[in-house]
Amino acid sequence: MPTDESVYSYSAVLMGSPILLKLFSDNPALASRVFGLIKQYEDLFTVNRAESQVMDINHAAGVRPVVVSRAVYQLIKCAKAASILPGSAFNLAIGPLVKRWRIGFKGDSVPPEAEITSLLAITQPQDVVLDDAQLSVFLTHKGMEIDLGAIAKGYIADRVRDLLRREGVTEGLINLGGNVQTLGTPQGHWSIGLKKPFSDADVLVGAMEVSHKSVVTSGTYERYFEQDGRRYHHILNPQTGYPLDNELDSVTIISTDSLDGDIWTTLIYGAGIEKGCQMLKGRDDIEAIFVTKAREVVLSSQRQFRFTLLDDSYRLIDRTA
Ligand code: FAD
Ligand code: MG
């Protein structure tokens, strides 16, 4: 972050996450509007309470379509599109498995295999039926549940950016706990830290310089539990119903919109480095930083940001062509 003394930081806890807003003038009224906006979206999207528009859809699974607000409809439509890509690791209908594993919540445990198999049957993204004319969503089987945990923070970060822009803010930053969206170029750029997996929050592997960009990180180290010497983290493989298992500790996406960042962290996390870099060819606007269990930091390319390695126990591999 800039060291300039004129930075004003405001914090809150929303969506079970620490929220941080940085502005360059003291404006608590604006900060409170920003937190109010996040809260409004949380109330629409959350599946961690009995009531929300997404929960209305989930409660009506197998019974009837539910008409929702445009924001909820559009985000679900976008999440479904990402979910039905061939071989996609993203699945908006993963809810029943997320609820059963409870990773990151009280009572997490490894479910019996038979239960995972039977829950997989009600996590099919094609069974989320959308009606553009009615703005309605229908889950065709009882027990189905939409979970927007892998995409909603990205959407909300972009709406906060839009609000700040409308209010004439030219330089600012919002961090929704893993989803960072930035405005402007204070002192030439923003410097965003890349966390060292399984370390204290302030220990960094490296830092990237960005301007007008979103930086989203998904990691196995944020939410996990251990059972019988094995670690189970919160990004589930939609094919198996178990946590995705590969060479990665985290994936960071640099993009203009945080929505893209949130979708792509999950897609790319599932694809791994080789396939992930392949998928990003032809997408000049989206770049990835992979942190591997073998202590490598792999950059898919380095066009929209500058990366500095800060931990020399890691090896930097830059694949910029
Ligand atoms: P990402 O890697 O982007 O996504 C992982 C999350 O997406 C998982 O936690 C799961 O929810 C879901 N998911 C898992 N596998 C897949 C998959 N293959 N495809 C698609 N989605 C998948 N946390 C709390 O502790 N308490 C709360 O009250 C709470 N409320 C929230 C309300 C909202 C509106 C949102 C968006 C999040 C809330 N959270 C809460 C956090 C939430 O439970 C997730 O942990 C968080 O969204 C994960 O974000 P991420 O960027 O770290 O993970
Ligand atoms: Mg995500």
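At what distance in nm do the modelled label points of S32 and V203 sit from each other, each positioned 7 Å from its Cα along Cα→Cβ?
4.0 nm
Principal axis lengths of the range 18-173 from Cα atoms, whole Å, largest first?
Largest first, the range 18-173 extends 56, 40, 31 Å along its Cα principal axes.
In what sequence, highest mean first, do 81-88, 155-162 appear when ranked by Cβ atoms within 10 angstrom?
By packing density, highest mean first, the sequence is 155-162, 81-88.
When only DSSP loop residues count, what GluC sites (Glu not before Pro) in the range 215-296 have their Cβ near at most 16 other Cβ atoms within 10 Å?
Sites meeting the loop and neighbour criteria: E247.
Which number comes out as Rg/Rh for the range 185-318 once both Rg and the Kirkwood Rh are worked out on C-alpha atoms?
0.96
Separation of the range 164-215 and the range 26-84 by C-alpha centroid, Å?
What the calculation gives is 24 Å, centre to centre.
How much net charge surrounds G104 when only the other residues with a Cβ under 15 Å from the Cβ of G104 are counted, with Lys and Arg +1 and Asp and Glu -1?
+3
Less than 14 Å Cβ to Cβ from Y41, Lys/Arg counted +1 and Asp/Glu -1: what total charge do the surrounding residues give?
+2
With the calculation restricted to Cα positions, what are the radius of gyration and Dmax of the chain in angstrom?
19.4, 57
Taking K and R as +1 and D and E as -1, what net charge do the other residues with C-beta under 10 Å from the C-beta of T182 add up to?
It works out to a net charge of +2.
I'd like the distance between the alpha-carbon centres of the range 107-128 and the range 227-245, rounded to an integer number of Å.
Going from one Cα centre to the other spans 12 Å.
Roughly speaking, what is the stretch gain from L309 to S109, that is 0.36 nm per residue apart minus the C-alpha to C-alpha distance, in nm to one decimal?
Roughly 68.4 nm would be gained on extension.
So which of K153/K275; K106/K142; K196/K293 end up more than 20 Å apart by C-alpha?
Over 20 Å apart, Cα to Cα: K153/K275; K106/K142.
Can you compute the helix-only [θ] at 222 nm over the chain? Use -39500 (n - 2.57) per DSSP H run of at least 4 residues, normalise by all residues, nearest 500 deg cm²/dmol.
-9000 deg cm²/dmol
Using a 1.4 Å probe on the protein heavy atoms only, what accessible surface does D43 show? Give it in Å² to the nearest 10.
For D43, solvent-accessible area is about 60 Å².
May I ask you to compute the full-extension gain from D228 to N246, defined as 0.36 nm times their residue separation minus their alpha-carbon distance, rounded to one decimal in nm?
So the extension gain works out to 4.6 nm.
Between D285 and D132, what is 0.36 nm times their sequence separation minus the Cα-Cα distance? Round to one decimal in nm.
Gain on extension, D285 to D132, equals 52.2 nm.
Place a point 7 Å from the Cα of S69 along the Cα-to-Cβ direction; which residues of the range 39-53 have their backbone N under 12 Å from it?
Answer for this model: 39-46, 52-53.
The values are calculated or read from the model by the stated rules, or taken from the named source; none is laboratory data. Computed from a prediction, not measured in an experiment: that's the story for all the values here. Cβ atoms come from the backbone with ideal geometry, glycine included; neighbour counts cover every protein chain shown. Side chains are part of the model used for accessible areas, which takes the heavy atoms of the whole protein and leaves out ligands, DNA and RNA. Shrake-Rupley method; radii C 1.70, N 1.55, O 1.52, S 1.80 Å.
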